[in-house]
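S.K.: The structure under discussion is supplied below as structure tokens; questions concerning it will follow.
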Amino acid sequence: MPVSVLGCCTACGACLPTCPERALLPAPRRPVVDVARCTGCLACIEICPAGALVGGTAA
Ligand code: SF4
Ligand code: SF4
């Protein structure tokens, strides 16, 4: 399942380059997940310092 970005996201941008599918798209308030591309690999969840990414295959 795709990941979701929670409101506690600080828009730090750290997750964007971690996604091998380029499914995290920059946006003004917080990244937008391209659900058609996200494989739920969890790479972004592990890197997020705010714990703002949830879901993926672990959910
Ligand atoms: S779970 Fe993987 S594929 Fe999905 S947005 Fe995060 S890094 Fe990209
Ligand atoms: S790494 Fe976490 S806090 Fe930073 S932009 Fe991505 S979701 Fe938001």
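S.K.: Please give, to one decimal in nm, the separation of the simple spin-label points placed at Glu21 and Cys8, each 7 Å out from Cα toward the Cβ.
M.R.: Placing both labels 7 Å beyond Cα along the Cβ direction yields 2.4 nm.
S.K.: I want the local charge near Val33. Using Cβ-Cβ distances under 13 Å, sum +1 for each Lys or Arg and -1 for each Asp or Glu among the other residues.
M.R.: +1
S.K.: May I pose another question? Could you work out the relative contact order of the chain? I mean the mean sequence separation of Cα pairs under 8 Å and 6+ apart, divided by the number of residues, in percent. Could you put the intermediate results ahead of the total?
M.R.: Working: 105 pairs, mean separation 27.7, N = 59.
Taking the mean separation of contacting Cα pairs over the length of the chain, I get 47 percent.
Each value in this text was obtained by applying a stated rule to the coordinates, not by laboratory testing. Since we're looking at a predicted model, the values are computed, not measured. Using ideal geometry, Cβ is built from the backbone for each residue, glycine included, and neighbour counts are taken over all protein chains shown.
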